[in-house]
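Accompanying notes for the structure given below.
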Amino acid sequence: MKHLIQFSLMLIAYLLVFSSPLLAQNPDRTKTIPIASDSAYNKIIQVLQDGGYFIVQLDRPSGFIQTSTYFENSNFLSNKEGEKLIFNFLISPLQAEKSKIVLNIFSIQRRKGGSFDAPNYYDEDKGIVRDNKAYQQIWDKILPLFQ
């Protein structure tokens, strides 16, 4: 009986330790809003355009919006020159006057290698961003439009 209790406690501790980082790695990428998809599409484009995001691609029939922005790195000791974030929005109609927005953010880091006199620049695809903060920053700009 004592071994069963110890095993149970070890199992619970294991699950708590190893499941919490996994849960933290899945950002909230989908939102449901109380507005028709056509109106949502136009409002999202407007707020992104006003916010200085580069509009890469638009496809109104599918509800797809792709934008990007670039952040320069001011740390002189790093070989990272900057980071380009690509935002993919997919706006889908739901029942009457509701829509679903799915957001995926991708990161491409601009790096510098080589020597000081002859640097080489290259882009490193970092894939989909898993940081909740990045998603929350864009949601904070968009969601107030639909309140």
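Computed from the coordinates by the stated procedures, all read-outs in this text should not be read as laboratory data. Being a predicted model, the structure only gives us computed values, none of them experimental. Quick reminder, even Gly has a Cβ in these numbers, built from the backbone with ideal geometry, and neighbours come from all protein chains shown.
Extent along the principal axes, Cα only, for segment 28-146: 61, 25, 23 Å, with the longest axis given first.
Sparsely packed loop sites in segment 55-134 (the trypsin sites (Lys or Arg not before Pro) outside DSSP H, G, I, E and B with at most 16 other Cβ atoms within 10 Å) comprise Lys98, Arg130.
For a straight C-alpha distance cut-off of 20 angstrom, the lysines reachable from Lys43 (same-chain residues fewer than eight places away being disregarded) are Lys31, Lys98, Lys100, Lys141. In this label model, Ser39 and Tyr122 are separated by 5.0 nm, measuring between points 7 Å along each Cα→Cβ vector.
If R0 is 41 Å, the Cβ-Cβ spacing of Ala134 and Ala96 corresponds to a FRET efficiency of close to 0.80.
Annotation for segment 120-141 versus segment 57-111: alpha-carbon center distance of 8 Å. Spin-label model, Val47/Arg60: points 7 Å from Cα along the beta carbon direction are separated by 2.1 nm.
For a quick check: with amide H placed at 1.01 Å from N, whose amide H comes under 5 Å from Gly82's, ignoring anything fewer than 5 positions away on the same chain? Hits under the 5 Å cutoff: Asn73, Arg110.
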